[in-house]
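This report concerns only the one structure given below.
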Amino acid sequence: MNSTSQPPFIPFARPCIGDEEIDAVAEAMRSGWLTTGPRTKAFEDAFAAAVGARHALAVSSATAGLHLAVEAIGIGPDDLVAVPVWTFTSTAEVVRYMGAHPVFIDVEPDTLNLDVAAFARRAAELARSHPGRLKAVMPVHLGGQACEMDAVLDVAGEFGLKVVEDAAHAFPSTTTCRSVGDPEKRRRTVGSIGHASVFSFYATKTIATGEGGMVTTDDDAIAARVRTMRLHGISRDVWNRYTDTKPSWYYEVVAPGFKYNLTDVASSIGLVQLKRAMDLRQRRWDIARAYDAAFHGHPALAAPVPRHADDENAQHLYVLRLNLDRLDIDRDRFIAELTARGIGCSVHFIPLHLHPYWRDRYGLAPSDFPVATREFARVISLPIYPDMDDGMVQRVIDAVLDVAGQHGR
Ligand SMILES: Cc1ncc(COP(=O)(O)O)c(C=O)c1O
């Protein structure tokens with residue numbers, strides 16, 4: 001690099017793939033078994049142990065897993081499912097796959113997670129106006145910060161709802177369930193709390209297999225249904241069918257299932273990433289703490305605040321908020337200024353009520369979701385991934401402070 005050239009662009013996200021993942025893929029490819037097989041089974045077993053769930057079922061994406069989970073809990077036409085408005089479209093779209101309808105709920109201002117009080121009010125209203133139609137709630141652990149699960153489970157229990165957690169961002173995350181009597185058992189890993197939880201291994205996620213996901217549950221019936229429906233509604237999976245010690249050509253189709261299985265090639269990456277998960281998270285934590293220290297107290301910037309100091313956040317995202325009254329530019333221009341300084345950013349999320357499909361299909365207005373509408377205007381997701389070295393982290397900090405300084409008022 002000469003003195004006039006720009007340093008390289010820092011992308012918003014980048015998977016952390018090393019030689020071990022590459023060797024594992026080569027080994028899987030040489031093994032003669034590419035699709036769902038022994039590596040997927042090993043990945044499932046290791047993942048179940050990591051989150052403390054009875055079952056873990058590997059799937060082709062979190063979207064597929066969410067679809068399978070809502071199918072397995074019996075969501076059907078015209079049912080209602082509570083979904084936070086601040087999420088990726090997958091959470092709500094799988095409800096539509098079943099012919100059911102999402103009921104959108106606003107979020108808490110501090111975490112941008114489901115506002116449980118608003119959810120409780122809506123559940124009570126629906127119990128009066130449409131008795132029995134609200135069947136489930138899908139809390140989303142934004143960026144890896146666990147929702148207030150004690151409160152979610154209380155409301156779900158009161159109204160007889162199933163809880164399917166969108167844990168796409170939340171491996172590995174823990175939270176303390178304060179309602180659990182035994183103090184030894186209060187610390188829970190996301191993936192072992194609700195009726196089912198769904199993780200994503202999309203390329204940018206905390207552990208990545210390119211595309212992929214995992215459904216975890218303690219419920220044997222949910223696990224059995226997901227296992228069957230992820231592979232065509234066949235009662236035995238391909239691995240058993242062809243390589244069991246008692247090989248059998250026989251299988252039965254018991255339902256019109258899906259093609260949502262995960263390949264052994266992907267699982268071979270997942271096994272290595274899973275082994276590295278705590279180290280990868282530690283590096284994301286180090287980056288987050290460096291950002292916190294740099295931005296805390298700046299008049300134009302609001303660093304994220306943990307809800308509970310003892311929660312362990314997977315830290316998939318670092319969502320910085322702008323104090324717009326202290327800046328002479330808006331969020332979009334702030335991002336453009338960062339891009340001009342070689343920093344890739346993103347926004348998590350464009351709340352669903354602002355997307356044409358959801359807005360028009362359900363007649364949603366910005367004023368229906370005052371917190372999400374207000375906060376959307378001020379959020380920026382900064383790069384946070386283990387392969388960022390300290391120099392890159394400092395460049396992000398310098399760029400943010402430079403833009404905030406130049407445009408402060
Ligand atoms: C909150 C949330 N849920 C679900 C998904 C879907 O994940 P996947 O790409 O694995 O289907 C995403 C993806 O970004 C997400 O952010």
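Here the stretch 338-347 is the region considered, the condition is being over 16 Å from Ala377 (Cβ atoms) and touching a residue at least 12 places away in the same chain (Cβ under 8 Å), and the residue that is nearest to the ligand (Cβ to nearest atom) is Gly344. Can you spot a residue in the stretch 37-44 that is within 16 Å of the ligand (Cβ to nearest atom) and closer than 30 Å to Val155 by Cβ? So far as the stretch 37-44 goes, no, none of its residues is within 16 Å of the ligand (Cβ to nearest atom) and closer than 30 Å to Val155 by Cβ.
When the stretch 183-223 is filtered for residues that are closer than 30 Å to Pro11 by Cα and part of a loop (DSSP other than H, G, I, E, B), the ones remaining, listed by number, are Val190, Gly191, Phe201, Ala203, Thr204, Lys205, Thr206, Ile207, Ala208, Thr209, Glu211, Gly212. Looking across the stretch 79-93, the residues that are assigned to a loop (DSSP other than H, G, I, E, B) and either over 13 Å from Ser200 (Cα atoms) or without any contact (Cβ under 8 Å) to a residue 40 or more places away in the chain (or both) come down to Asp79, Val85, Trp86, Thr87. Looking across Ala266, Ala290, Ala294, Ala208, one residue alone is farther than 30 Å from Ala156 by Cβ, out of contact with any Lys or Arg (no Cβ under 9 Å at 6 or more places or on another chain) and either within 16 Å of the ligand (Cβ to nearest atom) or modelled with pLDDT under 95 (or both). It is Ala208.
Looking across the stretch 45-73, the residues that are assigned to a helix (DSSP H, G or I), under 20 Å from Phe201 (Cβ atoms) and within 16 Å of the ligand (Cβ to nearest atom) come down to Phe47, Ala62, Thr63, Ala64, Gly65, Leu66, His67, Leu68, Ala69, Val70.
For every residue, the table says whether it meets (1) in the same structural domain as Val70 (by TED's automatic domain parsing); (2) within 16 Å of the ligand (Cβ to nearest atom); (3) farther than 14 Å from Leu114 by Cβ.
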position: Lys135; (1), (2), (3): yes, no, yes
position: Val140; (1), (2), (3): yes, yes, no
position: Cys147; (1), (2), (3): yes, yes, no
position: Asp150; (1), (2), (3): yes, no, no
position: Glu158; (1), (2), (3): yes, no, yes
position: Lys162; (1), (2), (3): yes, no, yes
position: Gly181; (1), (2), (3): yes, no, yes
position: Arg187; (1), (2), (3): yes, no, yes
position: Gly191; (1), (2), (3): yes, yes, yes
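Among the residues of the stretch 30-41, some residue qualifies, meaning at least one is in a helix (DSSP H, G or I) and either free of Cβ contacts under 8 Å to residues at least 12 places away in the same chain or within 30 Å of Ala399 (Cβ to Cβ) (or both). For Glu165, the test of being crowded, with 24+ Cβ neighbours inside 10 Å, farther than 19 Å from Arg283 by Cα and without any contact (Cβ under 8 Å) to a residue 40 or more places away in the chain is passed. For Gly76, indicate whether it is modelled with pLDDT of 95 or more and in a loop (DSSP other than H, G, I, E, B). Judged against the criteria, Gly76 is a match. Among the residues making up the stretch 348-373, those that are in a helix (DSSP H, G or I), touching a Pro at 6+ places or on another chain (Cβ under 9 Å) and touching a residue at least 60 places away in the same chain (Cβ under 8 Å) are Leu352, His353, Trp358, Tyr362, Val371, Ala372. Look at the stretch 53-65: where a residue is in contact (Cβ under 8 Å) with a residue 40 or more places away in the chain and under 19 Å from His141 (Cβ atoms) and a partner is of a type outside the set (A, V, I, L, M, F, W, C) and within 9 Å of the ligand (Cβ to nearest atom), sitting 6+ places away or on another chain with Cβ atoms under 6 Å, you get Val59/Gly65; Val59/Gly213; Ser61/Glu211; Ser61/Gly213; Ala62/Ser200; Ala62/Gly213; Thr63/Ser90; Gly65/Gly213. Flag not set for His316, criterion: out of contact with any strand residue (DSSP E or B) (no Cβ under 6 Å at 6 or more places or on another chain) and either away from the ligand (no atom under 16 Å from the Cβ) or assigned to a helix (DSSP H, G or I) (or both). Screening the stretch 98-138 for residues that are in a helix (DSSP H, G or I) and among the small types (Gly, Ala, Ser) and picking the one that is nearest to Glu148 (Cα to Cα) gives Ala117.
Would a scan of the stretch 243-262 turn up a residue that is at pLDDT below 95, among the aromatic types (Phe, Trp, Tyr), away from the ligand (no atom under 16 Å from the Cβ) and in contact with a Gly (Cβ under 8 Å, 6 or more places away or on another chain)? Within the stretch 243-262, not a single residue is at pLDDT below 95, among the aromatic types (Phe, Trp, Tyr), away from the ligand (no atom under 16 Å from the Cβ) and in contact with a Gly (Cβ under 8 Å, 6 or more places away or on another chain). Filtering the stretch 314-371 to residues that are aromatic (Phe, Trp, Tyr) and surrounded by fewer than 20 Cβ atoms within 10 Å (Cβ to Cβ) leaves Tyr357, Tyr362.
The set of residues in the stretch 166-179 being more than 10 Å from the ligand (Cβ to nearest atom) and in contact with a helix residue (DSSP H, G or I) (Cβ under 8 Å, 6 or more places away or on another chain) consists of Phe171, Pro172, Ser173, Thr175, Cys177, Arg178, Ser179. For the stretch 102-113, the set of residues classified as crowded, with 19+ Cβ neighbours inside 10 Å and either away from the ligand (no atom under 15 Å from the Cβ) or without any contact (Cβ under 8 Å) to a residue 12 or more places away in the chain (or both) consists of Val103, Asp106, Glu108, listed by residue number.
The values are calculated or read from the model by the stated rules, or taken from the named source; none is laboratory data. Please read all numbers here as calculations on a predicted model, not as lab measurements. Note that each Cβ is placed from the backbone with ideal geometry, even for glycine, and that neighbours are counted across all protein chains shown.
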